[in-house]
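K.L.:
Supplied in structure tokens, the structure appears directly below.
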Amino acid sequence: MAKKSSNMIFYLTFLIIAGCIVCIWKFSGFNHEPGKFHKILVAFLAVTLIRLLIFTPIKFVIMALDAACWPPQQAPVTLDEDVKVETLIDNLRLKLRTLRSELLITESHRNEAINLKYRLIKEELSLTGNLFLGCLGMILVIFNENLYYNTATVNYLFKKNHTNTLGLSKLSTLPHVYKFIEQSLIRAFTDKQNTAGGAPWVHAESVRLLGVVRLRQLRTEDTHMGLQPPVLTSRDYLAGWQLPYVRVPYTNKFWPIYRPWVASVFDFRDILMGFSHYGHFITYPENMGYLCLLSDTRMKSLMILEYLHKNKWLDRNTSALFMDFTLYNADANIFSVCTLWVEQFPLGSIHSHIEVDSFVFVQQMEQITALGILMLFIFVIIWLQFAKSFFVKIWYEPHLLKTLWVLVDATIVFLSMVVVVIHGIRDNLVQTMLQQVELSVLMKFIDFREPSRITYFADVLMGFALALVTMRLWKVMQFSGTFQLFTETLYKAWRSLLLTIVITIIFIASIGIAAVAINGTNTKHFSNLPSGIVSVVGFVFGFTNRVGPEDLFYGGKWLGIILYAMLGFVVKILLINLIVSLLRDQLMSAIVKRDHKVLHSISFLQFLRVEYADFINFIMKATRFQKPYKRKNRTVAENIQRKLDERLDSQDYMKSISYKKRDEELIQLRYRERIERTLTLAKILQTQMELIERLKFGDDEGNLPNLVEAESPGPSNRNS
């Protein structure tokens, strides 16, 4: 018998080398600092990606050009002296493995169309499932809880009164804002020695102000209120809001004393900041107003504030005042982009708003965990596999771009690339701003809201990409009967469901309009139409603590009771339950329709059971889930007969409970499969007997001795 080749030497060599490396790493004192170790991992990731994305395509291009221009010569045909000669025992073992595979691959498994369909589903499920799990892992790894706590803390410190600072929510009139700016924005970030660059925040030693505070005022033409929304002015004035405006030669020298009275001019770059702030009175655009910058020392900032107060920079025409600045926490490496603003109502009262966003703009190597770097590496590899599959599919079949789900794949790839580009632009912008922080002197406002807006756009695009990945995974999961059932239910009920949703929206909008018209001046939940509709929708979907009965009683108690009853019964109970009832009826109809179908093909799980039979059997044996055969003091024939009797009894019991529609074609298919399995089992037993016989009585190659020659007498006996 030919000797079987073995890889034991390779495995032994690998174990020896790995053991030596572990021992050297552990006991030789060789160790890296966390930062250097993370840099090594990042360098490894960068080199791997460069090799995959750049050098590997270049290598294959060179190989293709070489093969096209200088084709290789045909090597002379020579006999292989080490060729393996199959013996009879090897052939019997191969035949035995083939028969065992045939025992799994029945007639139902030989439908090539179904197999190709399931194989494509398997590939799509692998790619899409890995991409979904990779995105989920990345979100869990990069999620930073400190951002939430930092935002909540900064909000609390600026909102409430403290020992050395005033709270923004405690201000009642606009002149009190001067005191807030002095206590909370000037003295809290500067020291008595007028140290350039400011001082640590009075509330936290590790927090500093980056740049200076910018004050931006929005003004109306006059205080007269009518049916039209107030018009915000953009004219230039002299100090004290006097007309006409005269430009003097020293306007741009030193501190521009006329700048607070001159309307700001925004350039093309400010398109990114072209959003609006929504107040309780009107909507305030970001790219308008009159700007004034404080200084980086206490004395200069107080002089600027005194100048503004003396010339009445804030008066009755002031509609809103925005205070923009950025804080940096060195211990947590968190940038807090703050916008504090007050809104003045026509009667003189004010309302405060606090907008704080926390970001990690500069990621240090020491702060990235090894798990995070490993997850990033895995995610990049998964994304490259998904992108490669998409581009290969489009390269060979460009017409597939017209199909819906291929367009979804293209959108996922495109959005992912755009997110990477946006993050690169954001990092470059942040580095430029940090250089300005190092070189800035006196009054320099560094607008970190720009990278915060860029990060916001990247998060939105990433959210859309994750939603599309989830939709793609939903489409791939349609091989499951449960997913097919739910999809068919939505498809059958879409008309009635759409009409019911439209009726629900009409009721919600009508109740919201009525509540705003009656109670708008008395409760903040119904102060305007958007907030009123949002409050009604929140109540409908279970957020009952947002709207109470007393919020609807300002237009009359009985009318409020009627509105609340309509909101709580008609919309929340009747219409929502109607939607659920429609879905339930269509679901039961789809279930009955599915149960009347008789499947003549294998399921996806049965396909996987045969496709990965070797791997599944190995796992079953390794985990000891595969139960060995136990005779229990009975013969094999008795055990088989006992199993057959139990099966017949269970079939009779099921027939007595419910009657299922008979399908003669399916019955014939199952009958043929049983016959095929029986014949295959007979062949397996016969092959095993032959293999045992040749192993026991044959030679090394499995040849049996010739019994006729062994029993015949020799020539000496014949002569005698």
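The values are calculated or read from the model by the stated rules, or taken from the named source; none is laboratory data. All values reported here derive from a predicted model rather than from experimental measurement. Virtual Cβ from ideal backbone geometry, glycine too; neighbours counted across all protein chains shown. Heads up: the accessible areas ignore ligands, DNA and RNA and are worked out on the full protein's heavy atoms, side chains in. Shrake-Rupley method; radii C 1.70, N 1.55, O 1.52, S 1.80 Å.
K.L.:
Could you check G198 against (1) over 28 Å from V362 (Cα atoms); (2) touching a Leu at 6+ places or on another chain (Cβ under 8 Å); (3) in a loop (DSSP other than H, G, I, E, B) and say which number it fails?
P.N.:
(1)
K.L.:
Without any contact (Cβ under 8 Å) to a residue 60 or more places away in the chain, open to solvent by less than 30 Å² (accessible area, probe 1.4 Å) and within 27 Å of F448 (Cα to Cα) - does that describe any residue in region 211-220?
P.N.:
no
K.L.:
Next question, about the same structure. Return only the number of the condition from (1) modelled with pLDDT under 75; (2) assigned to a helix (DSSP H, G or I); (3) loosely packed, with under 13 Cβ neighbours inside 10 Å; (4) not β-branched (V, I, T) that K39 does not satisfy.
P.N.:
For K39, the failing item is (3).
K.L.:
Conditions first: (1) among the β-branched types (V, I, T); (2) outside any helix (DSSP H, G or I); (3) more than 27 Å from T339 (Cα to Cα). I446 passes all but one, so which condition is the exception?
P.N.:
In the conditions (1) among the β-branched types (V, I, T); (2) outside any helix (DSSP H, G or I); (3) more than 27 Å from T339 (Cα to Cα), I446 misses (3) alone.
K.L.:
Same structure, new question: For region 203-216, state whether one or more residues are more than 40 Å from the chain's Cα centre (by Cα) and hydroxyl-bearing (S, T, Y).
P.N.:
Of region 203-216, the ones more than 40 Å from the chain's Cα centre (by Cα) are none.
Taking every residue of region 203-216 in turn, none turns out to be more than 40 Å from the chain's Cα centre (by Cα) and hydroxyl-bearing (S, T, Y).
K.L.:
Scan region 413-423 and tell me whether some residue there is open to solvent by less than 40 Å² (accessible area, probe 1.4 Å), at pLDDT 90 or above, outside any loop (DSSP other than H, G, I, E, B) and aromatic (F, W, Y).
P.N.:
no
K.L.:
Go through region 550-573 and report how many residues are over 27 Å from T500 (Cβ atoms) and among the hydroxyl-bearing types (S, T, Y).
P.N.:
Adding up the residues that qualify gives 1.
K.L.:
For residues that are at pLDDT below 85 and farther than 16 Å from M462 by Cβ, tally how many sit in region 126-144.
P.N.:
So the count comes out to 0.
K.L.:
So which pairs qualify, if the first residue must be in region 231-244 and within 10 Å of W261 (Cβ to Cβ) and outside any loop (DSSP other than H, G, I, E, B), the second must be of a type outside the set (V, I, T) and at pLDDT 85 or above, the Cβ gap must be under 8 Å, and the two must be at least 6 apart or on different chains?
P.N.:
Matching pairs, first to second residue: L238/W261.
K.L.:
Could you check, for region 473-489, whether at least one of its residues is in contact with a Leu (Cβ under 6 Å, 6 or more places away or on another chain), hydroxyl-bearing (S, T, Y) and in contact (Cβ under 8 Å) with a residue 24 or more places away in the chain?
P.N.:
Looking through region 473-489, at least one residue is in contact with a Leu (Cβ under 6 Å, 6 or more places away or on another chain), hydroxyl-bearing (S, T, Y) and in contact (Cβ under 8 Å) with a residue 24 or more places away in the chain.
K.L.:
Condition test on K632, is it loosely packed, with under 11 Cβ neighbours inside 10 Å, at pLDDT below 75 and assigned to a helix (DSSP H, G or I)? Give the steps one after another, and end with the answer.
P.N.:
On the way: loosely packed, with under 11 Cβ neighbours inside 10 Å: yes; at pLDDT below 75: yes; assigned to a helix (DSSP H, G or I): no.
No, not satisfied.
Table: residues versus (1) open to solvent by less than 20 Å² (accessible area, probe 1.4 Å); (2) at pLDDT 90 or above; (3) under 30 Å from K122 (Cα atoms); (4) not in a strand (DSSP E or B).
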site	(1), (2), (3), (4)
N287	no, no, no, yes
L302	no, yes, no, yes
T339	yes, yes, no, no
L347	no, no, no, yes
L374	no, no, yes, yes
A387	yes, yes, yes, yes
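K.L.:
Let me ask something else. How do the pairs read when you match residues in region 419-438 that are in contact (Cβ under 8 Å) with a residue 40 or more places away in the chain and closer than 13 Å to T455 by Cα with residues anywhere that are of a type in the set (V, I, T) and surrounded by 15 or more Cβ atoms within 10 Å (Cβ to Cβ), using Cβ under 9 Å and keeping only pairs 6 or more apart or on different chains?
P.N.:
Once the first residue is in contact (Cβ under 8 Å) with a residue 40 or more places away in the chain and closer than 13 Å to T455 by Cα and sits in region 419-438, its partners that are of a type in the set (V, I, T) and surrounded by 15 or more Cβ atoms within 10 Å (Cβ to Cβ) give R426/I454; R426/T455.
K.L.:
Pairs, please: C-beta under 6 Å, at least 6 apart or cross-chain, first residue modelled with pLDDT of 80 or more and in region 107-125, second part of a helix (DSSP H, G or I)?
P.N.:
Y118/F604; Y118/F607; I121/F479; E124/V476; L125/V476
K.L.:
Among the residues in region 155-169, are any among the small types (G, A, S) and either open to solvent by 50 Å² or more (accessible area, probe 1.4 Å) or within 30 Å of E611 (Cβ to Cβ) (or both)?
P.N.:
Within region 155-169, none of the residues are among the small types (G, A, S) and either open to solvent by 50 Å² or more (accessible area, probe 1.4 Å) or within 30 Å of E611 (Cβ to Cβ) (or both).
K.L.:
Which ones in region 116-147 are touching a Phe, Trp or Tyr at 6+ places or on another chain (Cβ under 7 Å) and either among the aromatic types (F, W, Y) or over 30 Å from S358 (Cβ atoms) (or both)?
P.N.:
Y118, I121, L127
K.L.:
Has region 610-618 got at least one residue that is part of a loop (DSSP other than H, G, I, E, B), open to solvent by less than 70 Å² (accessible area, probe 1.4 Å) and at pLDDT 75 or above? Even if it seems obvious, please write down each step before you answer.
P.N.:
Filtering region 610-618 for residues part of a loop (DSSP other than H, G, I, E, B) gives 612.
Add one more test, that the residue is open to solvent by less than 70 Å² (accessible area, probe 1.4 Å), and what stays is none.
No, every residue in region 610-618 fails to be part of a loop (DSSP other than H, G, I, E, B), open to solvent by less than 70 Å² (accessible area, probe 1.4 Å) and at pLDDT 75 or above.
K.L.:
Only one of L174, L166, L157 is part of a helix (DSSP H, G or I) and of a type outside the set (S, T, N, Q). Can you tell me which?
P.N.:
L157
K.L.:
Give the residue, chosen from T106, T98, T87, that is over 48 Å from the mean Cα position of the chain (by Cα), within 30 Å of L681 (Cβ to Cβ) and surrounded by 11 or more Cβ atoms within 10 Å (Cβ to Cβ). First the steps, then the outcome.
P.N.:
Working: T106 fails: over 48 Å from the mean Cα position of the chain (by Cα); T98 fails: over 48 Å from the mean Cα position of the chain (by Cα).
After applying the criteria, what remains is T87.
K.L.:
Find the residue count for region 506-541, including only residues that are under 16 Å from A565 (Cβ atoms), under 36 Å from the mean Cα position of the chain (by Cα) and hydrophobic (A, V, I, L, M, F, W, C). Give the steps one after another, and end with the answer.
P.N.:
Applying the first criterion (under 16 Å from A565 (Cβ atoms)) to region 506-541 yields 507-508, 510-512, 514-515, 518-519, 536, 539-540.
Filter once more, keeping what is under 36 Å from the mean Cα position of the chain (by Cα): 507-508, 512, 536, 539-540.
Now restrict to residues that are hydrophobic (A, V, I, L, M, F, W, C): 507-508, 536, 539-540.
Within region 506-541, residues that are under 16 Å from A565 (Cβ atoms), under 36 Å from the mean Cα position of the chain (by Cα) and hydrophobic (A, V, I, L, M, F, W, C) number 5.
K.L.:
Let me ask something else. Name every residue in region 664-700 that is surrounded by fewer than 11 Cβ atoms within 10 Å (Cβ to Cβ), in contact (Cβ under 8 Å) with a residue 60 or more places away in the chain and either in contact with a helix residue (DSSP H, G or I) (Cβ under 6 Å, 6 or more places away or on another chain) or of a type in the set (K, R) (or both), in order of residue number.
P.N.:
Passing the criteria: none in range.
K.L.:
For region 240-271, which residues satisfy the criterion of being loosely packed, with under 13 Cβ neighbours inside 10 Å, of a type in the set (A, V, I, L, M, F, W, C) and modelled with pLDDT of 75 or more?
P.N.:
Selection gives L243, V265.
K.L.:
Mind checking which residues of region 125-143 are out of contact with any Leu (no Cβ under 9 Å at 6 or more places or on another chain) and open to solvent by less than 50 Å² (accessible area, probe 1.4 Å)?
P.N.:
The answer is L127, G134, G137.
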